[in-house]
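Beneath this line is the structure, given in structure tokens, with notes to follow.
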């Protein structure tokens with residue numbers, strides 16, 4: 001079996017109102033060599049049904065259901081199931097910029113990076129309200145406009161969403 005370039009892991013818990021925006025933002029990316037692993041973490045709303053509906057429409061989507069165990073357990077199940085060379089975590093209530101997967105993936109390959117972090121923004125009425133993470137250039141190297149490169153020693157953000165991880169990096173570090 002050919003190894004996929006990217007596994008996108010989306011934990012889901014009671015986000016039926018936002019979930020379609022998230023999934024559509026992934027499915028409309030120009031980067032196509034990925035699997036989308038949606039982990040329904042025991043949702044009590046219609047989130048699980050929405051996930052299953054999407055899986056019927058696209059064979060890159062795999063949905064896994066578990067009893068509610070929290071976002072970390074959902075991500076860990078996604079990691080167990082993932083087949084990609086790279087791992088990307090996207091929260092189910094987040095959206096990706098158009099073409100962001102291509103941009104980040106190409107930058108990671110050029111720089112031989114193990115981890116890439118994308119900047120995050122809060123939107124209100126279609127306009128940027130505030131930048132969620134401002135990066136201190138003393139520990140992050142600017143790699144290109146809008147994205148930053150990190151090394152394992154400088155990872156200080158504390159979240160995994162909005163990041164692209166080399167799978168073997170996660171395995172070596174037992175993350």
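Every number in this text was worked out from the coordinates using simple rules, so none of it is lab data. Not measured: the values here are computed from a predicted model. For neighbour counting, all protein chains shown are included, and Cβ atoms are generated from backbone atoms with ideal geometry for every residue, glycine included.
Before moving on, here are some points about what is shown:
- Estimated FRET transfer efficiency (residue 5, residue 44; beta-carbon r; R0 41 Å; 0.05): 0.75
- Counting beta carbons within 10 Å around each of 104, 71 and listing the fewest first gives the order 71, 104.
- Here the mean projected area of the convex hull built on the C-alpha positions of the range 22-91 is 4.7 nm².
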